[in-house]
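What follows is a single structure, written as structure tokens, with notes after it.
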Amino acid sequence: MAGSRIRFGTDGVRGEANSTLRPEHALRLGLAAARTLGRRVCIGRDTRLSGGMLSCALAAGLASGGTEVLDLGVLPTPAVAALAPELGMDAAGVVSASHNPYPDNGIKFFSGEGVKLSGEQERELERLAAGEFPERPVGSGVGGVRAVEDAAGMYVEGVLSRLYPDAGGRRILLDCANGAACETAPLAFERLGAHFGLVAAEPDGTNINDGCGSTHIGDLDPSGYDVAFAFDGDADRVLALDERGGVVDGDRIIAILARDLAERGQIGGGIVVTVMSNLGFFKAMERLGIPCEVVPVGDRYVAEAMRRTGAAVGGEQSGHVIVSRYTKTGDGLVTALALLEVMERSGMPLYELAGVMEVYPQTLINVPVGGADAGEVCGSEEVRRAVEEARRRLGDEGRILLRPSGTEPVVRVMVEHLDERVCTEVCEEVAEVVAGVRC
């Protein structure tokens, strides 16, 4: 997003705070939202230094447009979404750049039911934010801005009223990414009676996601704990480490939850994942007889497909998981508690549960395409021939996926195969062909 142009990406409006995402952008988005999303909106933010600046500007725009604003303060993205219907809101706004470094920030919206806006609604906000605004209300028509006391406690109480695993005998490590989970995650596990340790739970505005959280889970040491949970900056994602230090990513978390739900006859319409899920995941679901729908990358597509099919669980390899029985959007705390509940019910350690699927070796190469159209490169005759030859070589024990990036001028070439050597060789060969295409 450059200058005064406001554009929604796959997860809201993103940019460098005070540069490509300025207070005036937030103000204009607030004014646009006041015209389209309703008369009552709650807003929350993560711990970034720029969060207060942008959330105040967003609130000012909403109030200037005549909307009543409830300021929830620092709170996980899924908590803001969950509290919107509980508080009788017409919509909710979140100021966060999720797992991005602290200089970045973003703005995204949810409906009053706690689900992300449709693409059409976001395009309408873009259009309104770019135009002139009509005469604004005065006097009693101006919206008020009111802070909500103990929003974190309200959210945690709501989660635990639906999901309350017996964690009394568990030793749990929580990595809060110096982000929005710093208050809610410890509060939840304290109320569960768990013995837990904390790391990255002292946000200073500049240390969010800095060498910690789900994007740096390999730096976490789970020694002495039964399980470690690492959240991202806005706590809509979580990854886990088992008692042996093995990473349990989103694919494995979904596989564990799906098998448990299937065994209890609660799998509903099956599961939903994206095209980037590991081939080993798909093999496991096929073996277990669990229906699986595959959608493009993006949690919005997962959520939309889950609502359409009645799927019980879905998500992404990154740890953005939706368990439809408990939440309408990805929620790191709910995911962690659901995984803990399976551990308690089964009596199995996480290491054994994670054996539900075998992770196939994967190679991913991002091939720059310069000024060429990434979609045209993918569709070129040379690339099509290279992909067909790759599929022949990989056979039933591997797969290849090409997709143009939605955020940068690159083609992503991803190959998976049981033999790591074959995986790497095939990926490099196809990437070389992609790099040589001139459209």
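Read the figures in this text as sums done on the coordinates, not as results from a lab. Small disclaimer: the values here were computed from a predicted structure and weren't measured. Glycine also receives a Cβ, built like all others from the backbone with ideal geometry; neighbour counts cover every protein chain displayed.
Below are the figures for this structure:
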item	result
The chain: radius of gyration over Cα atoms, expressed as a fraction of 2.2 N^0.38 Å	1.00
Rounded to whole Hz, the Karplus (6.51, -1.76, 1.60) HN-Hα couplings of region 50-57, x for glycine and proline	7, x, x, 4, 6, 5, 5, 5
Relative contact order computed over region 13-149 (Cα-Cα under 8 Å; 6+ residues apart), in percent	32 percent
Qualifying trypsin sites (Lys or Arg not before Pro) in region 218-255, DSSP loop, other Cβ atoms within 10 Å at most 13	Arg244
Cleavage-rule hits, GluC sites (Glu not before Pro), region 276-375, DSSP coil, Cβ neighbours within 10 Å at most 14	Glu358
Whichever lysines have a C-alpha closer than 28 Å to that of Lys116, once near sequence neighbours (fewer than 8 apart) are set aside	Lys108, Lys328
Alpha-carbon centroid distance for the pair region 25-104 / region 130-161, whole angstrom	7 Å
Table column - 3J(HN,Hα) (Hz), region 368-379, Karplus curve with 6.51, -1.76, 1.60, x for Gly and Pro	x, 10, x, x, 6, 7, 4, x, 5, 4, 4, x
Under-5 Å amide H pairs with Val272, H placed in peptide plane, nonlocal only	Glu293, Val313, Gly314, Gly315
Of Val367, Val247, Val13, the one that fluctuates the most in a GNM where the chain has Cα springs shorter than 10 Å	Val367
Most fluctuating residue given options Cys42, Cys212, Cys427, as computed from a GNM of the chain linking Cα atoms under 10 Å	Cys427
Under the Karplus curve 6.51 cos²θ - 1.76 cosθ + 1.60, θ = phi - 60°, whole-Hz ³J(HN,Hα) for region 151-156, x wherever Gly or Pro sits	5, 4, x, 4, 5, 4
Ranked by how many other beta carbons lie within 10 Å on average, peptides 59-67, 175-183 from highest	175-183, 59-67
Share antiparallel - DSSP beta bridges, region 154-356, percent rounded to 5	40 percent
